[in-house]
Amino acid sequence: MGRSVLRHCWIVSAIGLVVAVATFVLGYRALSGPALIVTFASLALYCMSHPVLKSFAFTVWVFAFVTASMVYPAAFMTWPGFDLAILIVPLIQIIMFGMGTTLSVADFTRVVKMPWPVFVGFVLQFSVMPLVGFTLAKGFRFEPEVAAGVVLIGACPGGVASNVMTYLAGGDVALSVTMTACSTLASPVMTPLMMKLLAGKMVPVPFFGMMFTIINMIIVPIVAGLLANRILYDQRKVFHRAWLLGLIGVVSIVSATLIGVYAPKAILTVGGGSLGKDGLVVGLVLIAIVAMAKLAIGVWLKGPENWMDKVLPVVSMAGICLIIGIITAQSRDDLMKIAPYIIVAAMLHNGIGYILGYWGARLFRLNESACRTVAIEVGLQNGGMASGLALKTLASAKAALAPAIFGPWMNVSGSILATWWRRKPVAKTR
């Protein structure tokens, strides 16, 4: 679809909105839902073509999927007998693999060069947000499973969107990437620890079960992504050889097959928690895909080297939208009852995170650029991770409600805050 066509999608969106409002007012509410889906989908396409609004396209797509899952919940629950909830963890693994391809070992070791800002951000991340989540959950008197979900989103590390938001806000992108990498690396311990302390009386929280789920769902795919990063972007000639790329692809596929068929379902079991093999299998398959794609696009077709930078954001966006749609469909009835309260809780949680993150960093005498970075890192959480843990470890669709609502709002607020800060450039220090 050409950009000229996309630029006229606002007309379709406007018509859809008029139809949605008119049919709702006139009592033909069965038609309001489809019209609203068209409104959001058309608006998202228009945003994708607009140089200023394109940063909001993802959020509008989320609204389109949420609306579709509310209107047609069955379409997001099963396809010819297949439970779509099974796709949530693999989709998160693919998204985390994509995050890993944007990282390098230097992003983790950079903490040695900037230990104090990373430490300040780390402490604020795993103290402010879980405690604020706990306070809001109690204040709104959510039922235990929903309350646990609010605490869970606060106990998760920084989200992948924080790096983009930091760039737009004029913050320290290198610090943002390092903070995200370090908080994610620490999440197998910190997230279940904070959940055990704050949400342990709300729902059963299996510490080791959650720890191994995070390792399998987040850490293993990120490590696989780091390896893929080397395959994709290493400038040494050997990584442009057809024979090596083909060998990596074949070895990865064979290894994934052997592990998938012959390895035990639980690779390691400790304290009632088990480390599954699916993260390793997915990671190896994705490494094979990357190697073979580079072989075809980069070596045989002599295509652009940055093709992965264009593909992965689209894949990640589609995966997150589908995850949110599935979660929304599974908890549609509960969401209809408490949606306004969760939305308000999301706004408060997110806003308090920005405020305490920024002023906490100021308290510890970080510079303005670092303060903005810490504020965004603290305010934005990994909603996909929280959704996966809610369904996989807590086995509760209700616990996944908060991450499903908090995620879209964080993108909206993060974009607004980043745009506001962008208009107030950080003064350069000598």
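Seen from residue 421, the other residues with C-beta closer than 10 Å to its C-beta sum to a net charge of +3, counting Lys and Arg as +1 and Asp and Glu as -1. Each residue of the stretch 20-32 was assigned a 3J(HN,Hα) from its phi angle through the Karplus curve 6.51 cos²θ - 1.76 cosθ + 1.60 (θ = phi - 60°); the sequence is 4, 5, 4, 5, 5, 5, 7, x, 8, 5, 5, 8, 5 Hz, with glycine and proline shown as x. Sorting 105, 150, 177 by the number of Cβ atoms found within 10 Å of their own Cβ, with the fewest placed first, yields 105, 177, 150. Summarised as an ellipsoid, the stretch 190-306 has semi-axes of 37, 17, 9 Å, derived from the eigenvalues of the Cα gyration tensor scaled by 5 and square-rooted, with the largest first.
Between the amide H of residue 381 and those of 159, distances stay under 5 Å, these residues lying 5 or more places away or on another chain, with hydrogens modeled in the peptide plane. Rounded to the nearest 0.05, the FRET efficiency derived from the C-beta distance between residue 241 and residue 262 at R0 = 30 Å is 0.45. Restricting the trypsin sites (Lys or Arg not before Pro) of the stretch 154-258 to loop positions (DSSP other than H, G, I, E, B) with no more than 15 neighbouring Cβ atoms within 10 Å leaves 201, 236, 241.
Cross-link pairs exceeding 29 Å between alpha carbons, from the set 113/294; 113/424; 337/392; 138/392; 138/337: 113/294.
Computed from backbone phi, the HN-Hα couplings of the stretch 43-48 come to 5, 4, 4, 5, 4, 4 Hz, rounded to whole numbers (Karplus: 6.51 cos²θ - 1.76 cosθ + 1.60, θ = phi - 60°; Gly and Pro given as x).
Relative contact order of the stretch 81-422, please, whole-number percent, based on alpha carbon pairs below 8 angstrom and at least 6 residues apart. Rounded, it is 30 percent for the stretch 81-422.
For the stretch 1-79, the calculated P(r), taken from all Cα-Cα distances in 10 Å bins from zero up to the bin holding the longest distance, is 21, 44, 28, 7 percent. Residue exposure proxy: 239, 122, ordered by other Cβ atoms within 10 angstrom of their Cβ from fewest to most, comes out as 239, 122.
Starting from the Kirkwood Rh over alpha-carbon pairs, what translational D in µm² s⁻¹ does the stretch 355-401 have by Stokes-Einstein at 20 °C and 1.002 mPa s? Let's see the in-between values first.
Working: Rh = 12.1 Å.
Once the numbers are plugged in, D ends up at 177 µm²/s.
This ranking places 145, 305, 368, 377 by how few other beta-carbon atoms lie within 10 Å of each, fewest first, which gives 305, 368, 145, 377. As a ratio to 2.2 N^0.38 Å, the alpha-carbon radius of gyration for the chain is 0.99. Per residue, the convex hull spanned by the Cα atoms of the stretch 340-430 amounts to 100 cubic angstrom.
With R₀ fixed at 25 Å, the C-beta to C-beta distance from residue 363 to residue 196 puts the FRET efficiency at about 0.35.
Label-to-label distance for residue 234 and residue 50 is 4.4 nm, based on points extended 7 Å past Cα in the beta-carbon direction. For the pair residue 424 and residue 30 in one chain, pulling the backbone fully straight at 0.36 nm per residue adds 137.2 nm over the alpha carbon distance.
Only the coordinates and a few stated rules stand behind these numbers; no lab work does. Since this is a predicted model, take the numbers as computed values, not measurements. Heads up, the Cβs are rebuilt from the backbone with ideal geometry, glycines too, and the neighbour counts pull from every protein chain shown.
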